[in-house]
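Participant: Before I ask anything, here is the structure I am working with.
Taken together, the values in this text are just the output of simple stated rules run on the coordinates, not laboratory data. Here the structure is a predicted model, which means the values were calculated and not measured. As a convention, Cβ positions derive from the backbone with ideal geometry for all residues, glycine included, and neighbour counts pool all protein chains shown.
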């Protein structure tokens, strides 16, 4: 085959590959992010809090502590979002990293959270890459992939907007 025909053939093949994509099916999107590490924690109510129990739902997972003023504000915001969006397949789970569990229980008695809470551990925090600011929240999709991480307080309007992007 003359050189010109080979060159033309190679150009056509390269263009076809570029238009169609190489390797995996180009219509399949990669997962949104890493898988959220599974955990089982002791609930503040004495019953286990397990991440696996929330598969199939969008989840806002929050590390918080009562000594953190922005965390206390976020507990109220998260409770509001749970009430507003819960019927659309959304849940909130919090893990307190308080060393003084009695203080955390007093706070929750005086300020009931509208979502499940448990006791976080350093092992759970480390499995998420560590907690270096409070509150730290993860938005997790129904398949268990992390969609976003938020460090520091976020108000209801911001979180609602972020969550509703993913809800049906």
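Participant: Checking the conditions here, which among 108, 97, 74 is crowded, with 19+ Cβ neighbours inside 10 Å and in contact (Cβ under 8 Å) with a residue 40 or more places away in the chain?
Facilitator: Exactly one residue qualifies, and that residue is 74.
Participant: Determine which member of the set 89, 94 is in contact with a strand residue (DSSP E or B) (Cβ under 8 Å, 6 or more places away or on another chain) and farther than 16 Å from residue 138 by Cβ.
Facilitator: 89
Participant: Another one. With the requirement that a residue be in contact (Cβ under 8 Å) with a residue 12 or more places away in the chain and within 18 Å of residue 97 (Cα to Cα), what does the range 51-71 give you? Can you show your working first?
Facilitator: The first filter runs over the range 51-71 and keeps only residues in contact (Cβ under 8 Å) with a residue 12 or more places away in the chain, leaving 51-52, 54-68, 70-71.
Selection gives 51, 60, 61, 62, 63, 64, 65, 66, 67, 68, 70, 71.
Participant: Within the range 32-50, which residues are out of contact with any helix residue (DSSP H, G or I) (no Cβ under 7 Å at 6 or more places or on another chain) and buried (at least 20 other Cβ atoms within 10 Å of the Cβ)?
Facilitator: Step one: of the range 32-50, the residues out of contact with any helix residue (DSSP H, G or I) (no Cβ under 7 Å at 6 or more places or on another chain) are 32-35, 40, 42-43, 45-50.
49, the sole residue that qualifies.
Participant: Since residue 130 meets every condition but one in (1) in contact (Cβ under 8 Å) with a residue 12 or more places away in the chain; (2) within 18 Å of the chain's Cα centre (by Cα), which condition does it not meet?
Facilitator: Residue 130 satisfies all of (1) in contact (Cβ under 8 Å) with a residue 12 or more places away in the chain; (2) within 18 Å of the chain's Cα centre (by Cα) except (1).
Participant: Now, a different point. Count, please, the residues in the range 35-52 that happen to be within 17 Å of residue 143 (Cα to Cα) and in a strand (DSSP E or B). Write out each step before concluding.
Facilitator: First pass over the range 35-52, keeping only residues within 17 Å of residue 143 (Cα to Cα): 35-39, 50-52.
Okay, now just the ones that are also in a strand (DSSP E or B), so 35, 50.
Qualifying residue count for the region: 2.
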